[in-house]
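Accompanying notes for the structure given below.
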Amino acid sequence: MRQAERALFDLRRGLSILLRQPAGDILVQAVEGLDDDALAALQALAGSPARLVLSEHRMAALGRRQTSAPGAATGVSLGLSPLPGSLALRELAWKRGAALPAGATEHAASAAERAALRLLGRAQLVPAAIACTVAPARAEAVAAEVASGTLLAVSAAEALELCATGSGGLTRISEARVPLAEAENSRFVLFREADGVHEHVAIVIGDAAAWPEAVPVRLHSSCLTGDLFGSLRCDCGEQLRRGVAAINAQGGGILLYLSQEGRGIGLANKLRAYGLQDEGLDTIDADQVIGYSKDERDFRVAHEMLEQLGVRKVLLLTNNPSKVEALQHAGINVVARQAIYGEVTTQNQRYLHTKANRHGHWLHELLSEQDEPASAEPERLPAPGAAHP
């Protein structure tokens, strides 16, 4: 699996990688950061014309009907003749209002092409790739690039497995006492994922021996703009500080600060989505335009952090039913839920309504929409181990 993990860094550096599959090896490179010289070099090395590989979310934004089941690891491979330059390819990858050129051919992405999209998403790049099948006449030249260390070769199956199962076990790296304004008796514990891409922090509040039986816990995804700079576009910063204060007031517990900016798409893509929201799209449609689903986060990391901290029964501070479901599915006993709100402002009102109406967050009380079926909380939480929807 180490080769697949290394591939994340090569793709982020703008390098091509070789993905191996039984149907034939392909060279792939991210469209993000691609220039005309790199595009020409990729085709010359492979000895075949390049294809544009896009997620089905992006294809839907381009007006194509989604044909696979929601959440499926899939994509579409596009043949474009003549092949556009790198600028036009970037527009096809994420520009709003772009249209596929006449004569474009569409095929279901191969395993290697699906792996490329999944790796790009995990690397928090736009999920759009250029792919070239390695022609038999160029196999020796490609093998020489791999042997010299210039080109990284990765099994497509291993790459898909990495993206489906996560990076492996978390490692507890370091910790220190960090008094906070809302909770003086706090300790930060840092965990690092095995692939080295992400680090997450558990803010341990109070003394564990004095915690309630159901430990107050909040899962908080990082939000640079809201948490650090007080952005008015969201309520994240207020939820963060109020979450710490609420946990402290109940005798202590844990706030998990997860490196999942922009619901898992990363800061660069979140800013792209903000630009699209300024053009009138809501947060879900904006994410789709750049090729992502409405929520790319993986809360399995939260389950592992809680396990390492010895917590199995929690009172979850959240408005998000997906967080309850994720922890319950992982075997954490979520005995109750407690709402945690920020302020409704002129700037974040539309964002909060989208979370209630389209994400199904329990915000009906905050937004005074008691008749909102998408926001209605069930009478009881699912039992631990219940089937995951």
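The values are calculated or read from the model by the stated rules, or taken from the named source; none is laboratory data. Since this is a predicted model, take the numbers as computed values, not measurements. Don't worry about glycine lacking a Cβ; one is built from the backbone with ideal geometry, like all the others, and counts go over all protein chains shown.
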- Task: Kindly check whether there is at least one residue in the range 337-352 that is crowded, with 20+ Cβ neighbours inside 10 Å and assigned to a helix (DSSP H, G or I).
- Result: yes
Screening Glu145, Glu140 for residues that are outside any strand (DSSP E or B), closer than 26 Å to Arg13 by Cα and either without any contact (Cβ under 8 Å) to a residue 60 or more places away in the chain or aliphatic (A, V, I, L, M) (or both) leaves only Glu140
Phe191 vs (1) at pLDDT below 95; (2) in contact with a helix residue (DSSP H, G or I) (Cβ under 7 Å, 6 or more places away or on another chain); (3) closer than 26 Å to Lys270 by Cα: all pass except (1)
Q) Does the range 161-170 include one or more residues that are farther than 23 Å from Asn319 by Cβ, under 25 Å from the mean Cα position of the chain (by Cα), in the same structural domain as Leu119 (by TED's automatic domain parsing) and among the acidic types (Asp, Glu)? A) yes
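Over 24 Å from Asp287 (Cα atoms), surrounded by 13 or more Cβ atoms within 10 Å (Cβ to Cβ) and modelled with pLDDT under 70: does that describe Pro378?
Considered against the rule, which asks whether it is over 24 Å from Asp287 (Cα atoms), surrounded by 13 or more Cβ atoms within 10 Å (Cβ to Cβ) and modelled with pLDDT under 70, Pro378 comes out as no.
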(1) in a loop (DSSP other than H, G, I, E, B); (2) among the hydrophobic types (A, V, I, L, M, F, W, C); (3) loosely packed, with under 14 Cβ neighbours inside 10 Å all hold for Ala164 apart from (1)
Looking across the range 353-371 at residues that are buried (at least 18 other Cβ atoms within 10 Å of the Cβ) and not in a helix (DSSP H, G or I), the single one that is modelled with the lowest pLDDT is Trp362
Sole miss for Gly275 among (1) assigned to a helix (DSSP H, G or I); (2) modelled with pLDDT of 95 or more; (3) under 17 Å from the mean Cα position of the chain (by Cα) is condition (3)
When the range 2-32 is checked residue by residue, the ones that are on the phi > 0 side of the Ramachandran plot and either among the aliphatic types (A, V, I, L, M) or in contact with a Leu (Cβ under 8 Å, 6 or more places away or on another chain) (or both) are Gly14
When the range 193-214 is checked residue by residue, the ones that are at negative phi and more than 19 Å from the chain's Cα centre (by Cα) are Ala202, Ile203, Val204, Ile205, Asp207, Ala208, Ala209, Ala210, Trp211, Pro212, Glu213, Ala214
Only unsatisfied item for Asp35, checking (1) touching a residue at least 40 places away in the same chain (Cβ under 8 Å); (2) surrounded by 15 or more Cβ atoms within 10 Å (Cβ to Cβ), is (2)
Any hit, the range 147-154, residues being hydrophobic (A, V, I, L, M, F, W, C), assigned by TED's automatic domain parsing to the domain that holds Asp37 and within 26 Å of Ile265 (Cβ to Cβ):
yes
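For every residue, the table says whether it meets (1) under 27 Å from the mean Cα position of the chain (by Cα); (2) in a helix (DSSP H, G or I); (3) of a type in the set (D, E, K, R); (4) outside the structural domain of Arg12 (by TED's automatic domain parsing).
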{"residue": "Leu190", "(1), (2), (3), (4)": "yes, no, no, yes"}
{"residue": "Pro216", "(1), (2), (3), (4)": "yes, no, no, yes"}
{"residue": "Asp227", "(1), (2), (3), (4)": "yes, yes, yes, yes"}
{"residue": "Arg233", "(1), (2), (3), (4)": "yes, no, yes, yes"}
{"residue": "Val244", "(1), (2), (3), (4)": "yes, yes, no, yes"}
{"residue": "Ile247", "(1), (2), (3), (4)": "yes, yes, no, yes"}
Inset, instruction - Consider Val314 carefully, then state whether it is buried (at least 20 other Cβ atoms within 10 Å of the Cβ) and either in contact with a helix residue (DSSP H, G or I) (Cβ under 6 Å, 6 or more places away or on another chain) or of a type in the set (Ser, Thr, Tyr) (or both). - result: no
Picked from the range 192-210 (must be in a strand (DSSP E or B) and touching a residue at least 60 places away in the same chain (Cβ under 8 Å)), the residue surrounded by the fewest Cβ atoms within 10 Å (Cβ to Cβ) is Glu199
The condition of being under 18 Å from the mean Cα position of the chain (by Cα), outside the structural domain of Leu62 (by TED's automatic domain parsing) and in contact (Cβ under 8 Å) with a residue 12 or more places away in the chain holds, among Leu267, Leu306, Leu316, only for Leu267
Screening Arg64, Arg58, Arg122 for residues that are touching a strand residue (DSSP E or B) at 6+ places or on another chain (Cβ under 8 Å), of a type in the set (D, E, K, R) and modelled with pLDDT under 95 leaves only Arg64
